[in-house]
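The values are calculated or read from the model by the stated rules, or taken from the named source; none is laboratory data. Values in this document were obtained by computation on a predicted structure and should not be read as measured data. Cβ atoms come from the backbone with ideal geometry, glycine included; neighbour counts cover every protein chain shown. All accessible areas refer to the heavy atoms of the entire protein, side chains included, with ligands and DNA or RNA removed. Shrake-Rupley method; radii C 1.70, N 1.55, O 1.52, S 1.80 Å.
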Amino acid sequence: MGRLLFDLQFALRNLRRSPLFTLVAVTSLGLGIGANTAIFTLIDQLLLRLLPVRSPGQLVMIWSTGPNMGNNRGSRAASYPMYQDFQQKAPAFSYVFCRFLTPASISFAGQTERVDAELVSGNYFDALGVRPALGRVFSPEEDDRVYQGHPSVVLSHPYWVTRFAADPGVLGRKILVNNYPMTIVGVSAAGFNGLDPSNAPQIRVPIQMKPIMTPGWDAIGDRRSQWIHMFGRMKPGYTVQSAQASLQPLFLQILQDELTKPELRDLSKFSRDRFLGRKIRIETAAGGYSELRQSYKTPLIVLMCMVGLVLLISCFNVANLLIARAVARQKEVAVRLAVGASRRQLVGQLLIESLLLSVAGAAAGLALSVATIRALLSFLPASGSPLMLRAVPDLRILAFNAALALLTALLFGLVPALQAMRLDLWNTLKDVVGAVTGGGGSVILRKSLVTAQVAFSFLLLAGAGLFVRTLANLKQADAGFRDVDNLVTFQIDPALSGYKVERVIAFYQQVLNGVRSLPGVKSAGYAIVPVLAGGEWDSSMSVEGHQAKDGEDMQAFMNAVSPGYFETMGVPLLEGRDFDHRDDGGKVRVAIVNRKFATHFFGDKSPIGRHVGFGGGLRAKLDIEIVGLAADSLYEGPREGVHRQAFVPFAESDFPASASFYVRSSVGSKPLFAAVRRKVQELDRSMPIYEMKTLDNQLDETLGTERLIASLSAAFGVLATLLAAIGLYGVMAFVVARRTREIGLRMALGAAQSAVVWMVMREALLMLAIGLAVGVPGAFLLSRYVSSQLFGVQPHDVLSAGCALAVLALVAAGAGFLPARRASAIDPIQALRYE
C-alpha cells in the first residue's frame, strides 16, 4: 500500500509539472468518455433495463400478423375478444393481460388537467407482481366483471406525490375522470411506472370502463377492431419459441371461427386464405414495450458505434502525447533503471499516470454527459405524460463510467509505457545525440496512430454527411402545405369533459368562429387526425367502377375536416367544392379525395360525382359521393410520403373526438398562442389546450430521430477531425524536432526553403493517404448498415465522401504546414549545434 501511495504522489507531481499536457489529455478523454456515457445512458434506460416486476424474463408481448380485415389503432394491436380467448385458453401462460393508453381529463379540488391514463385488465397487477404502496390495486374478482361497472382509479406513485402531495387521505376520495365520478382505491408501488420505460401513465382504470375513457368509441366487443396491447407471463419450462408454437393452433381455430361471422362471410377465397395465413408473434417483454424504443433503437445503436470511434480517436491522441512525453523522459527512465529500479516498477508508475488521466477524464466526461443527455432529451417527442428518461446518472451509469475509465487507461497507457522501456541505456546516459529524441520505433507507432485517427475520422465525417443530407432532404420535401411557419396548430378534446356529440360539434364551431375573429387571423379549420404527427386513421374502400384484384391494397388514409381546412392548410382544391353547411349532420354522404387517390382509381378521368364506400366485399355500399379533388399533401411525415387520402366532413361524424385546429395568421406565433388560449377559455375556462405549436415545429418533432442522428453525427465528426488534427500536428512537430540536425545540414548544403516545406508536408500527406486508403473502403462496407436511416441519398454517396475527403485534406495540410513552415525557418548554424 505504501508503494502504491508513493507511485500516486509521484504521478500527481509529474502531471502538475506539465499542465498543458495534462489539460489536453484530460480534455480529449473527457470528450470521448462523456459522449459514450451520454449515449449509453439513453441506451441503458430505453433498451437494456428490465422492468421492476416479478420475474421479468417470463414476460412476453403477443400480437399477430395481418390482415385483420378490420381497423387497427397502432402497431402490434389485438382485439379485446382475442385477448379473452387467449386469457382463458392459452396453455403456455399463467397470465395473459392487456392494456391501452389514452388521454383523460381529471378534475379534483377545483382543478382540471389532462393526463395519460392506462386502461388495464383486472389481472394486470397480479400478472406483473406489483403491489400497492397505498390501498389496493385491481384484481380480476373486483374490477373485471361488469361492463362499465368498476369506476375505480389507481394512481401512479409519482402522480400521487406531485398532484396529491403524497396524502394518504386520498383513498376513497372521488375524482372526475372525463366528467364521470370515480373512486381512488390505491396507489401503485414506488418505482413501478408501467410497461413503457420512457413514458408513464398517471392513472390506471379498469378496462371495463372503456366507454367512459374513450367517449364515442366503444369497440370492446368488436373482433375486427384491434386496439389493445396484449402481454403474457410464460409458465416455467416454456421459451418464447415453444410458447409461440403452442399458441398458433389456438389462434388458427379462432380465425376459422371468425370466418363464420356475417362480416367475413363474403370474403373471396384469396382473402380467406390470407386471413387464415396469419401468424402469432411473441417477443420478450422483459424490458417492456415502448413506441419510443422502436423509433430510436437503431439511431441510438448507430450513435453508440460513432461515439466508440470518437473514444478510440481520443485514446490514440492521448497515446501519441504519452509517447512524446516518454521520449522526453528517456534520460529520467535511464537513470532510474541504472540505480536499480525494475522495468516492471517503471511500467506500473507510467500506467498509474495514465489511470489518473483517465479518471480525471471520466470525471469531466460524467459532468459533460449530464448536459449532453439533457440536450438529447430535447430531441425526443413531447407528450402529455412525463418523460421517464433521466439525465442524472445512477449506479449503473457510474459503473459504466468507471469501467470505461479503466479500459481507456489500459488502451492508451500500456503501449506508450512499454515503448518507454525500449531504450539504449548506455547511449541515453552518455547523452548521445539522437538518443533523447527517440528511436524510429516511436515515430512509426505515432504515425500509425495518426493514420488510424484519419481513417476513423473519415468514417465519421462520411456518415455525418449522409445523415445531414438525409435530414435536409426530409425538411425540404414538399409537404403540400403552404408557409408552415405561419400555421399554428393546437388540440382540444371536449369529449373528455363530458361533452356529447352535438355539443362537441357546436363547441368546435364556436371555437372556430372565435379564432377567426382574432386580429391577424386569415383562416382557420380543424381535423380529427393531426397531420405530420405520425398518427393514422385508415380504412379499406370500395370504389365505383373499380374491381379490386386479389391482394390489391384498397386502403385510404382518412381524415374528417371542417369547412375552410384546405384553405387554411394551403392545399388547393383542383376540382369540385369544399365542405359547407350542406354537409352538416347525419351519415357520411360526401368526400373529397386527393390526386393520388383519384389517379389510382380513375386514371385521367375526373373523380367528381363518382361514389365510394367504406369496407370491401359484395355487401359494401357505394353511398359516398366525391364532391372535391384536393392536391396531394403529406399525412404522417416526409419519410412515409404521399398516401391515397379521403376526407369526410367533420360535422357528419357520429362520435365526439378530439380535434386539431389549424390557424393561419399574419402575426407571430407567440402572440397568437396567447390570444387563442384566451378565446378558448372565454368559452370554457376548464377546457385544456395542448400540443400548441407551429406546423414547422410539428415537422421537427416528427423528424426527431433524424434530427438527433444528424446533429450528433455532425458534432462527432467535427470532434474526431479536431482530435485527428491535433494528433497529426503533434506527430509532425515531433518529426521536425527529431530531424533538426538533418534539416540544418540540408539547408547548409543549399536546400531551398520550399524543398524543406515539401519534405515535411509529404510525410503529413502520406499519413493522410494511408488513412484514407483504409477509411474509404471501410466507409463503403459499413454504409449499408445505415441505409434504413437514409432518405433521398444513397449509402455510397459520392458527394458526402468527397466532402469528408476535402475536409480531412484541408485539416491535414494545415496541421502539416505549421511544422513544415517552422522547419524551413531553422537557422542552419543553430541546427548543426543541436543535440
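Here is how the numbers come out for the structure above:
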item: Condition check for K587: in a loop (DSSP other than H, G, I, E, B), surrounded by fewer than 19 Cβ atoms within 10 Å (Cβ to Cβ) and in contact with a helix residue (DSSP H, G or I) (Cβ under 8 Å, 6 or more places away or on another chain); result: yes
item: Residue count for region 210-222, restricted to those that are assigned to a helix (DSSP H, G or I) and either farther than 15 Å from Q148 by Cα or touching a His at 6+ places or on another chain (Cβ under 7 Å) (or both); result: 0
item: Residue satisfying all of: in region 646-663; open to solvent by less than 10 Å² (accessible area, probe 1.4 Å) and within 25 Å of G704 (Cα to Cα); modelled with the lowest pLDDT among these; result: A659
item: Qualifying residue in region 713-720 (condition: under 30 Å from S669 (Cβ atoms), assigned to a helix (DSSP H, G or I) and either open to solvent by 30 Å² or more (accessible area, probe 1.4 Å) or among the aromatic types (F, W, Y) (or both)); result: yes
item: Candidates G814, G802 - the one that is modelled with pLDDT of 90 or more and either touching a Phe, Trp or Tyr at 6+ places or on another chain (Cβ under 6 Å) or not hydrophobic (A, V, I, L, M, F, W, C) (or both); result: G802
item: Filter result for V137 (more than 32 Å from the chain's Cα centre (by Cα), farther than 28 Å from L42 by Cβ, part of a strand (DSSP E or B) and at pLDDT 95 or above); result: no
item: All positions within region 700-712 that are open to solvent by 30 Å² or more (accessible area, probe 1.4 Å) and in contact (Cβ under 8 Å) with a residue 40 or more places away in the chain; result: E701, T702, R707, S711
item: Test result for S121, of a type in the set (S, T, N, Q), modelled with pLDDT of 95 or more and closer than 18 Å to L195 by Cβ; result: yes
item: Lone unmet requirement of (1) at pLDDT below 90; (2) open to solvent by 20 Å² or more (accessible area, probe 1.4 Å); (3) under 23 Å from Q226 (Cα atoms) for M541; result: (2)
item: Per-region count, region 635-685, residues in contact with a helix residue (DSSP H, G or I) (Cβ under 9 Å, 6 or more places away or on another chain) and either closer than 17 Å to L532 by Cα or acidic (D, E) (or both); result: 20
item: Residue count, region 741-762 (criterion: assigned to a helix (DSSP H, G or I), closer than 21 Å to F817 by Cβ and either open to solvent by 20 Å² or more (accessible area, probe 1.4 Å) or touching a Ser or Thr at 6+ places or on another chain (Cβ under 6 Å) (or both)); result: 11
item: Of the criteria (1) buried (at least 22 other Cβ atoms within 10 Å of the Cβ); (2) farther than 30 Å from V731 by Cβ; (3) touching a helix residue (DSSP H, G or I) at 6+ places or on another chain (Cβ under 8 Å), which one L496 fails; result: (3)
item: Residue among S79, S64, S75, S94 that alone is modelled with pLDDT of 90 or more and surrounded by fewer than 18 Cβ atoms within 10 Å (Cβ to Cβ); result: S94
item: Failed item in (1) more than 20 Å from A495 (Cβ to Cβ); (2) part of a helix (DSSP H, G or I); (3) open to solvent by less than 50 Å² (accessible area, probe 1.4 Å), with N697 passing the rest; result: (3)
item: Among (1) open to solvent by less than 60 Å² (accessible area, probe 1.4 Å); (2) without any contact (Cβ under 8 Å) to a residue 12 or more places away in the chain - the single one G57 does not satisfy; result: (2)
item: Matching option when the condition is charged (D, E, K, R), at pLDDT below 85 and closer than 30 Å to T451 by Cβ, among R329, R336; result: R329
item: Flag if Q294 is open to solvent by 10 Å² or more (accessible area, probe 1.4 Å), touching a residue at least 24 places away in the same chain (Cβ under 8 Å) and closer than 30 Å to L376 by Cβ; result: yes
item: Output for region 483-501, where each listed residue is modelled with pLDDT under 85 and not hydroxyl-bearing (S, T, Y); result: D483, V484, D485, N486, A495, L496, G498, K500, V501
item: Top-ranked residue in region 214-242 [being aromatic (F, W, Y) and open to solvent by less than 40 Å² (accessible area, probe 1.4 Å); ranked as modelled with the highest pLDDT]; result: F231
item: Residue match in region 40-47 (condition: open to solvent by less than 20 Å² (accessible area, probe 1.4 Å), closer than 16 Å to R281 by Cα and at pLDDT below 90); result: no
item: Qualifying residue in region 116-138 (condition: hydroxyl-bearing (S, T, Y) and open to solvent by less than 10 Å² (accessible area, probe 1.4 Å)); result: yes
item: Any chance V529 is over 36 Å from the mean Cα position of the chain (by Cα), within 27 Å of N68 (Cβ to Cβ) and either β-branched (V, I, T) or surrounded by 15 or more Cβ atoms within 10 Å (Cβ to Cβ) (or both); result: no
